[in-house]
Structure formats: structure tokens, C-alpha cells
Amino acid sequence: MLRSACSVRAHRSIARLPKTHMWRRLSSSGDRKPFRKLQDSMEQCTINSWCYLLAGGDGAYGVALAMRGEIGAAIRWLAEAISRREQEGYRSAADWYRMFLCEIYLEVISGKEKPSATVLFRNARTLASIIFGVQKRISTLVQRIRQNPQLDPNGHHVGRCEMILGRHCHVRPE
């Protein structure tokens, strides 16, 4: 499938940004402009059926929601994105989203950063469900990723799964 010049330009401009800069801009609570640009880009990809570019945007959008403190919305978005990619047959993207979801769960239970009272209040039910059900969720997600025949058992994805399980054992609430 040929990509239009617009999609190639958008892809190149995103690729030139350092990843930390991009995530910081997307997650900053005061500046809605980068977040809105991502939403507009995803809308354009949907309208034009640019599924490959949309797959990258879905994962970034879910992570950006979590970084903005909208944890429940991020988890729902990623779960729906996993379902969409599975229906499209794009299992590797679905597995990337599963890894993102695992890492969101790990960030919640690790407690490295203290969220504001607003974030705690807005996400109270979601946070409680994560804390009390995270062990099974993480192991189920990792098991599903490992079942992907496209992934090399000695490769990056399975190694990242091992890292997720290791972090989970390290930060697991007793």
C-alpha cells in the first residue's frame, strides 16, 4: 500500500523528535496542544485508513493518557486498542499495547511518584482494582504476549516480558 506524502512527512517529523521530549510534551498537563495534535493525527489516519500509522498513535495515546493522570481512561483505551488490533490481525501491535498496559500497572503499584489528590480522587476505583488484581493481570498479559509465534523466544519482546515480570516481583505488594 502506498502512503501519501502527508503521512510520510508526519512520520518523519515524529521520528526526528527525541522520545523523551515527545512523551514530556504529550503528558504535560498544562499544554493541550501536543495532545490535541496526536488526536487530530489519529483522526486523520482513521479517515484515510492509514492503519499502520494509527497503530502507533493508539499506543502513544494510551500512554499519554496515563502520564496525564487519566489512568482509568488509559487502561480502557489500551484494552480497546488491543481488541481492535486483534480483530485486524495485527497481533504484534496488540502485544506492544499489552506491554504498555503492564508497565502502567507496574508504575501504579511501584509508588515511585506521589500523585496529586485530584489524580487519586479521579482514579480511586481504578487504582483500587489495580492494586488488588494486578498480579493475575500482569501474568495473563505476559503469557498472552509469549504465545505470539512471531516473537523470537530469545528476542527483545520476550526479554521485555522477563523484565516486566522481574519488576513485578520487585514491587509486588505483599
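The values are calculated or read from the model by the stated rules, or taken from the named source; none is laboratory data. Since the structure is predicted, the reported quantities are computational estimates derived from the model, not experimental observations. Every residue, glycine as well, gets a Cβ built from its backbone with ideal geometry; the counts of neighbours run over all protein chains shown.
If I filter region 113-123 for residues that are crowded, with 17+ Cβ neighbours inside 10 Å and either without any contact (Cβ under 8 Å) to a residue 24 or more places away in the chain or of a type outside the set (A, V, I, L, M) (or both), do I get at least one hit? Checking region 113-123: at least one residue is crowded, with 17+ Cβ neighbours inside 10 Å and either without any contact (Cβ under 8 Å) to a residue 24 or more places away in the chain or of a type outside the set (A, V, I, L, M) (or both).
If a residue must be surrounded by 14 or more Cβ atoms within 10 Å (Cβ to Cβ) and either part of a helix (DSSP H, G or I) or out of contact with any helix residue (DSSP H, G or I) (no Cβ under 7 Å at 6 or more places or on another chain) (or both), how many such residues does region 147-162 contain? First the steps, then the outcome.
If we filter region 147-162 for residues that are surrounded by 14 or more Cβ atoms within 10 Å (Cβ to Cβ), which is where we start, we get 148, 151, 157-158, 160-161.
Next, from what is left, pick out any that are either part of a helix (DSSP H, G or I) or out of contact with any helix residue (DSSP H, G or I) (no Cβ under 7 Å at 6 or more places or on another chain) (or both): 157-158, 160-161.
Selection size over region 147-162: 4.
Would you say Ile130 is within 14 Å of Ile75 (Cβ to Cβ), surrounded by 11 or more Cβ atoms within 10 Å (Cβ to Cβ) and at pLDDT 90 or above?
Details: within 14 Å of Ile75 (Cβ to Cβ): yes; surrounded by 11 or more Cβ atoms within 10 Å (Cβ to Cβ): yes; at pLDDT 90 or above: no.
When the stated conditions are applied, Ile130 does not pass them.
Considering region 88-115, the residues that are within 14 Å of Cys51 (Cβ to Cβ) and not in a helix (DSSP H, G or I) include one that is farthest from the chain's Cα centre (by Cα), namely Gly89.
Considering (1) under 22 Å from Gln143 (Cβ atoms); (2) touching a Gly at 6+ places or on another chain (Cβ under 8 Å), the lone condition that Glu80 does not fulfil carries the number (2).
Residue-by-condition table, conditions (1) surrounded by fewer than 18 Cβ atoms within 10 Å (Cβ to Cβ); (2) farther than 27 Å from Ile130 by Cα; (3) hydrophobic (A, V, I, L, M, F, W, C); (4) modelled with pLDDT under 85:
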{"position": "Asp40", "(1), (2), (3), (4)": "yes, yes, no, no"}
{"position": "Asp58", "(1), (2), (3), (4)": "no, no, no, no"}
{"position": "Gly62", "(1), (2), (3), (4)": "no, no, no, no"}
{"position": "Arg76", "(1), (2), (3), (4)": "yes, no, no, no"}
{"position": "Ala81", "(1), (2), (3), (4)": "no, no, yes, no"}
